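A.B. asks: Mind having a look at this structure? Questions to follow.
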Amino acid sequence: MEDNNKVTPKRGFPGQKAPVQATVGWRGREGGAMAFPQPKPRGPELPRKLLKTLDCGQRAVRAVRFNVDGNYCLTCGSDKTLKLWSPLRGTLLRTYSGHGYEVLDAAGSFDNSSLCSGGGDKAVVLWDVASGQVVRKFRGHAGKVNTVQFNEEATVILSGSIDSTIRCWDCRSRRPEPIQTLDEAKDGISSVKVSDHEVLAGSVDGRVRRYDLRMGQLFSDYVGSPITCTCFSRDGQCTLVSSLDSTLRLLDKDTGELLGEYTGHKNQEYKLDCCLSERDTHVVSCSEDGKVFFWDLVEGALALALPVGPSVVQSLAYHPTEPCLLTTMGGSIQCWREETYKAEDGTG
């Protein structure tokens with residue numbers, strides 16, 4: 001069986017990287033405003049205390065995702081199931097079965113009533129949270145679906161596939177075909193993120209593309225290495241991009257200028273997650289050497305290399321408002337909190 005974690009470009013890439021327009025350091029904008037959040041007076045706490053390890057019973061866990069308020073999480077399994085948990089309590093709430101192959105990504109709606117997922121069966125599935133039933137199953141991708149996201153109103157699901165397309169599916173319509181297909185990428189789509197009017201996509205072709213839906217414009221930045229994950233900063237000013245050259249890059253969202261680079265972790269073979277901490281103070285990344293790396297966003301210095309275990313940390317999820325981190329390794333997930341955390345029910 002093929003290894004469904006590895007990122008393999010369909011074609012070669014230019015040997016020479018695109019020139020970096022920005023010099024090393026931080027760029028000032030007109031009027032002196034900076035493109036990164038101002039430092040906080042008190043240093044934020046990082047989640048370095050292991051609170052729980054949950055054996056998910058799904059064989060390999062391909063992805064872990066928090067819901068919108070951070071009270072629950074989803075795990076995507078290579079056993080074709082999707083599971084909903086209360087991670088701090090270690091409680092399994094529901095199992096969702098309906099995919100024909102391993103589940104690779106999932107997301108929850110803004111009101112916690114619906115889930116969407118995508119996987120190796122090339123299908124995108126819309127679920128009812130309460131009943132656990134499949135509401136719709138969207139088919140049309142020519143390859144496995146790496147990434148799925150709802151729009152803000154949960155009326156549309158966006159899915160990215162190794163077939164090099166992003167497809168937009170109407171949750172309210174019975175029409176079988178997508179309402180829109182974004183096919184500008186020249187290789188597989190590894191990551192899709194959605195804001196109120198923008199779609200951010202990373203591709204194995206080495207480009208991160210931002211679609212401005214209000215203006216009807218496409219912005220593209222060439223990183224020079226297959227992209228494994230990309231995301232918006234929480235303040236919406238920057239984008240974070242990870243790639244197979246073991247480097248994360250922070251880009252100015254509007255200009256594409258390079259604001260910072262973060263290295264020290266290992267990412268050369270697998271599709272690994274990255275994100276920013278709940279207050280945009282730290283850049284966070286999985287690593288193939290069994291750790292999660294934290295860098296100070298402004299200084300670029302390594303703040304913490306958190307040892308998780310002996311194999312690849314493939315997926316992570318950061319709580320939207322608290323220093324709480326979920327990681328995956330093998331068939332289990334780990335829940336991390338700050339050192340001073342005290343659980344009300346005694347779980348800490």
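The values are calculated or read from the model by the stated rules, or taken from the named source; none is laboratory data. Every value quoted in this text rests on a predicted model; they were computed, and no experiment measured them. Glycine gets a Cβ as well: all are built from the backbone with ideal geometry, and neighbour counts include every protein chain shown. Just the protein is used for accessible areas: all its heavy atoms, side chains included, with ligands, DNA and RNA removed. Shrake-Rupley method; radii C 1.70, N 1.55, O 1.52, S 1.80 Å.
A.B. asks: Go through the stretch 209-232 and report how many residues are free of Cβ contacts under 8 Å to residues at least 60 places away in the same chain, among the polar types (S, T, N, Q) and under 21 Å from Lys271 (Cβ atoms).
C.D. replies: 2
A.B. asks: Could you please find all residues in the stretch 73-89 being free of Cβ contacts under 8 Å to residues at least 24 places away in the same chain and of a type in the set (Gly, Ala, Ser)?
C.D. replies: Within the stretch 73-89, just Ser86 meets the criteria.
A.B. asks: In the stretch 322-342, how many residues are among the hydroxyl-bearing types (Ser, Thr, Tyr) and either over 19 Å from Cys274 (Cβ atoms) or more than 17 Å from the chain's Cα centre (by Cα) (or both)?
C.D. replies: Result for the stretch 322-342: 3.
A.B. asks: Can you tell me which residue is nearest to Arg234 (Cα to Cα) among those in the stretch 186-203 that are in a loop (DSSP other than H, G, I, E, B) and open to solvent by less than 10 Å² (accessible area, probe 1.4 Å)?
C.D. replies: Gly188
A.B. asks: So Arg214 ticks every box in (1) open to solvent by 20 Å² or more (accessible area, probe 1.4 Å); (2) modelled with pLDDT of 95 or more but one. Which box is left unticked?
C.D. replies: All conditions are met except number (2).
A.B. asks: Among the residues of the stretch 255-269, which ones are open to solvent by 50 Å² or more (accessible area, probe 1.4 Å) and assigned to a strand (DSSP E or B)?
C.D. replies: Within the stretch 255-269, Glu261, Thr263 qualify.
A.B. asks: Say we look at the stretch 161-185 and pick out the residues that are touching a Ser or Thr at 6+ places or on another chain (Cβ under 6 Å) and β-branched (Val, Ile, Thr); which of these is most open to solvent (accessible area, probe 1.4 Å)?
C.D. replies: Thr181
A.B. asks: If I filter the stretch 90-99 for residues that are open to solvent by less than 50 Å² (accessible area, probe 1.4 Å), in contact (Cβ under 8 Å) with a residue 60 or more places away in the chain and in a strand (DSSP E or B), do I get at least one hit?
C.D. replies: Within the stretch 90-99, none of the residues are open to solvent by less than 50 Å² (accessible area, probe 1.4 Å), in contact (Cβ under 8 Å) with a residue 60 or more places away in the chain and in a strand (DSSP E or B).
A.B. asks: For the stretch 225-254, give me the residue count where each residue is within 17 Å of Trp295 (Cβ to Cβ), in a loop (DSSP other than H, G, I, E, B) and modelled with pLDDT of 95 or more.
C.D. replies: Counting residues in the stretch 225-254 that are within 17 Å of Trp295 (Cβ to Cβ), in a loop (DSSP other than H, G, I, E, B) and modelled with pLDDT of 95 or more gives 3.
A.B. asks: Would the stretch 137-160 turn up any residue that is farther than 23 Å from Val64 by Cβ, surrounded by fewer than 21 Cβ atoms within 10 Å (Cβ to Cβ), under 20 Å from the mean Cα position of the chain (by Cα) and free of Cβ contacts under 8 Å to residues at least 40 places away in the same chain?
C.D. replies: Yes, the conditions are met somewhere in the stretch 137-160.
Residue-by-condition table, conditions (1) among the aromatic types (Phe, Trp, Tyr); (2) surrounded by 19 or more Cβ atoms within 10 Å (Cβ to Cβ); (3) touching a residue at least 40 places away in the same chain (Cβ under 8 Å):
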position: Leu297; (1), (2), (3): no, yes, yes
position: Ala301; (1), (2), (3): no, no, no
position: Leu304; (1), (2), (3): no, no, yes
position: Leu316; (1), (2), (3): no, yes, yes
position: Pro320; (1), (2), (3): no, no, yes
position: Cys324; (1), (2), (3): no, yes, yes
position: Thr328; (1), (2), (3): no, yes, yes
position: Ile333; (1), (2), (3): no, yes, yes
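A.B. asks: Kindly provide the set of residues from the stretch 304-321 that are in a loop (DSSP other than H, G, I, E, B) and over 19 Å from the mean Cα position of the chain (by Cα), ordered by number.
C.D. replies: Scanning the stretch 304-321 gives Gly309, Pro310, Ser311.
A.B. asks: Does the stretch 237-244 include one or more residues that are open to solvent by less than 20 Å² (accessible area, probe 1.4 Å), within 24 Å of Val284 (Cα to Cα) and touching a residue at least 60 places away in the same chain (Cβ under 8 Å)?
C.D. replies: Yes, the stretch 237-244 contains at least one residue that is open to solvent by less than 20 Å² (accessible area, probe 1.4 Å), within 24 Å of Val284 (Cα to Cα) and touching a residue at least 60 places away in the same chain (Cβ under 8 Å).
A.B. asks: All but one of (1) modelled with pLDDT of 95 or more; (2) closer than 19 Å to Gly160 by Cα hold for Gly264; which doesn't?
C.D. replies: Unmet condition: (2).
A.B. asks: Quick one: in the stretch 102-136, which of the residues that are among the polar types (S, T, N, Q) and part of a strand (DSSP E or B) is surrounded by the most Cβ atoms within 10 Å (Cβ to Cβ)?
C.D. replies: It comes out as Ser117.
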